[in-house]
1. Would you mind stating whether residue A:168 is touching a helix residue (DSSP H, G or I) at 6+ places or on another chain (Cβ under 9 Å) and not hydrophobic (A, V, I, L, M, F, W, C)?
2. Could you list, in sequence order, all residues of region A:280-329 that are over 19 Å from residue A:71 (Cβ atoms), in a helix (DSSP H, G or I) and not assigned by TED's automatic domain parsing to the domain that holds residue A:12?
3. Being over 30 Å from residue A:98 (Cα atoms), more than 10 Å from chain B (Cβ to nearest Cβ), crowded, with 21+ Cβ neighbours inside 10 Å and of a type in the set (Val, Ile, Thr) is the requirement here; does residue A:215 meet it?
4. Identify, please: which residue in region A:273-329 is within 14 Å of residue A:121 (Cβ to Cβ) and polar (S, T, N, Q) and is, among those, modelled with the lowest pLDDT?
5. Looking at region B:176-191, is at least one residue in contact with a helix residue (DSSP H, G or I) (Cβ under 7 Å, 6 or more places away or on another chain), outside any loop (DSSP other than H, G, I, E, B), of a type outside the set (Phe, Trp, Tyr) and away from chain A (no Cβ under 12 Å)?
6. Is region A:253-265 home to any residue that is within 10 Å of another protein chain (Cβ to nearest Cβ), buried (at least 23 other Cβ atoms within 10 Å of the Cβ), part of a helix (DSSP H, G or I) and touching a Lys or Arg at 6+ places or on another chain (Cβ under 7 Å)?
7. Can you tell which of B:294, B:320, B:289 is of a type outside the set (D, E, K, R), on the phi > 0 side of the Ramachandran plot and more than 14 Å from chain A (Cβ to nearest Cβ)?
8. May I ask you to verify whether residue B:278 is over 15 Å from the mean Cα position of the chain (by Cα), crowded, with 17+ Cβ neighbours inside 10 Å and either within 30 Å of residue B:100 (Cα to Cα) or not hydrophobic (A, V, I, L, M, F, W, C) (or both)?
Protein chains: 2
Amino acid sequence: MPRAWTLAARPQGAPKPTDFALIDVPAHDLAPGEIRVRNLWLSVDPYMRGRMNDVKSYVPPFQLGEPMSGGAVGEVVESRDPGLREGDLVQHMSGWRDEAVLPAAEAHKLPDLPVEPQAFLGQFGMPGMTAYFGLLDVAAAKEGDVVFVSAAAGAVGSTVVQIAKARGMTVIGSAGGADKAAYVRELGADAVIDYKSVGSVVRALAAEAPGGIDVYFDNVGGDHLDAAFAAARSHARFAICGMIDIYNDVKPTELRYLARVIGARITVRGFIVSDYLPRAGEFYRDMAGWLAQGRLKRDETVREGLEATPQAFMDLFTGGNTGKMLVKL
Amino acid sequence: MPRAWTLAARPQGAPKPTDFALIDVPAHDLAPGEIRVRNLWLSVDPYMRGRMNDVKSYVPPFQLGEPMSGGAVGEVVESRDPGLREGDLVQHMSGWRDEAVLPAAEAHKLPDLPVEPQAFLGQFGMPGMTAYFGLLDVAAAKEGDVVFVSAAAGAVGSTVVQIAKARGMTVIGSAGGADKAAYVRELGADAVIDYKSVGSVVRALAAEAPGGIDVYFDNVGGDHLDAAFAAARSHARFAICGMIDIYNDVKPTELRYLARVIGARITVRGFIVSDYLPRAGEFYRDMAGWLAQGRLKRDETVREGLEATPQAFMDLFTGGNTGKMLVKL
C-alpha cells in the first residue's frame, strides 16, 4: 500500500523524529484528468520548516495527520489525461510519499536537457531557479560585481557561485567546515569563508572583501546578513532568499550594522521563486548554454528510502548536506 | 568676534554638554568668490550624531576643535561674488556659528515661495525633500496605499503624513506622547500610535492596520521597523531614512519579524536625500501647489541664541521637539 509522511506534531524549535509519522494511504482509482506517479526522487528543502508552523505564510501550513507535500520526480504509471502517458518522467509537488495521485495539470514533464532526472529537483529545478533569478533579477548582479553568498555549498548557493562566475563576477562564498569550503573553491569561488573556523563573519568578510561587496545573496540571515551590511558598498543590493538560521529559532535576529542600509543606500529585497515560474524559459535557456560549455558542476547528498526522509530534512539544519539533499526511492 | 561650536570630544553614546565647546573664530577678509553671511537660523538634525563619530560614513566626520557644519539660513552682509549681494537671504551648510565666510557657490538663494525663511531648513528644505522623495520615489507610494510612518511629529515625518494624505493614501503615524499624537492627527493621519503608551508597537500596528501596510517610512528603526516587518503586505516597500534609535546606541537592533521580508517579498531601501538634489525642482513645484491649496501645516520648536545649539541638538534624541528643531540667532 502507498505510504506517506505526515506531520504528527508541530515542531517546537528544531524538528525531531517524533514530529513525523509514516502512514498508509489507501490507493484509489483515477478520476479523469488524474495521473498516478511512482516517485523516484524526493526533495527536502529548508522552506518546508516554515510550513510546519501554524502561521500565515506564503505557502499554507502542513495539516497535522495529512501527507506533507514537496518537490518530487517520478514516473507516470497510470494516466487518465491525454497529455501524459505511462513512462513519462514528471516533476510535481506531491512528495514525502512513494506513490502519488494528482491532477495531470499539477505535473510537468521534465525538460529535454542532458542531465539526470534528479537534477530537476536541484540545479535545474527550484533551487537553481532561485539562484538564477535571485542573483540576476532580484539583486541585479552584473559583470564586475563583488558577490557574497552564504551557504555556498548548498543547492542554491552552489549554483549562485557558478552563475556569478559564468557572468564575470568576483565571488566570496561562505560554508561550514573545511570540506564544504574546498568544494566551494572548486566551484570557482574567488574566496571562501569557513564560518565554523573564523571567529567573526564580519571580520572575515571585511578581510576577504576589503573594497566591499556589491551584492549579497542571503541563504542564512543572522551574522552573515550583518556582515553583509557592514561590508556593503554604496548602492549594494541584497537578495534575501532564505534565513535557515531562524526557521528553527525563536530568538530575534541581532544586527549591529543595519544602519548602514541608509549611508550605503542598500536595497534589500525578499523574493519567492515561484513568482518567477512564468520566466522559467530564460533560466532553462541560459542553464543549457552553461551546461554545454561545461561550466556547471553539481553535488548531491543522497539518502536511500522513504523511511530516511525526515532525517534527511532534519540534517539540512545541521549542515548535513553538500549540494542538493535528496531522497532516492 | 564671530563664534562657532566645535566638537570638544567624541560622544560616547548620548552626547553631553562637555562634548561641545564654543570658540572665537577670527574674522578675515573675503577672497574673490566668497561671501560673508550673518546666520539667522541654524538647523540641528539627527544625522549630525553620525558625524560626531570617527567612522567612515556618507558624510565625513566632524574634526575635533574645528567648527561643525550644518544647515543654516542667513543674510549676505558682504559679497565678492557677482551672483549674490548684500541683503540676499541664502541657505548653506556653514551652521553651528553666528557668522560664516564661504564660497558663494556653496550658498543658495532662497526659492521664491511665500513662506518664512526658516521653512527652508524644514518642510521646504532637506527634511521636506527627504519626506517627498523617500515616500514617492524610494518607497514608490501611490494612491490607495496604507502608509506607516514613525516619528510622525518630527520635521520629516510630519511632512510625510501631509504628502501622503495629499496623494490619497491612508496614513498611520507613530509619535511619543499625547501632545504629539494629537498633533499628528491634526496633520490628517487616519490613525496614530502613541508609542510611549502602547505596550508593543507590533501589536498596536497590527490593531490599527488589520489588513497590513504597503509602505513604511522609517525614521527610527528598532521596534517600529520590526512592527512594519510584522504588518507588511505582499510587495511592501520600506524607505529607510533614519534610525534615531541607534545613533546613540551600541546595542544591536533586535528583529523578530525580519524573515517576513521573504514571504511578503518586501523591498527595504536606504537613501540619502542629497542624492535627490538634482531633482529639487519637482519637490518645489509640488510643494508650492500643496501650499497654495492650504494643505501644508508645519510646526517648529525654536530655541534662542547660539549658546542654545548643543542642547537643542541633544533634545532631538529625547523627543524634545515637535516639528522642526531650530535655533534662532
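The values are calculated or read from the model by the stated rules, or taken from the named source; none is laboratory data. Not measured: the values here are computed from a predicted model. So basically every Cβ, Gly included, is an ideal-geometry build from the backbone, and we count neighbours across all protein chains shown.
1. No: the conditions fail for residue A:168.
2. Scanning region A:280-329 gives A:281, A:282, A:285, A:286, A:288, A:289, A:290, A:291, A:292.
3. Yes, satisfied.
4. Only one residue tops the list, namely A:321.
5. yes
6. No: zero hits.
7. Details: B:320 fails: on the phi > 0 side of the Ramachandran plot; B:289 fails: on the phi > 0 side of the Ramachandran plot.
Of the residues listed, the single one that is of a type outside the set (D, E, K, R), on the phi > 0 side of the Ramachandran plot and more than 14 Å from chain A (Cβ to nearest Cβ) is B:294.
8. Numbers: over 15 Å from the mean Cα position of the chain (by Cα): yes; crowded, with 17+ Cβ neighbours inside 10 Å: no; either within 30 Å of residue B:100 (Cα to Cα) or not hydrophobic (A, V, I, L, M, F, W, C) (or both): yes.
For residue B:278, the condition - over 15 Å from the mean Cα position of the chain (by Cα), crowded, with 17+ Cβ neighbours inside 10 Å and either within 30 Å of residue B:100 (Cα to Cα) or not hydrophobic (A, V, I, L, M, F, W, C) (or both) - is not met.
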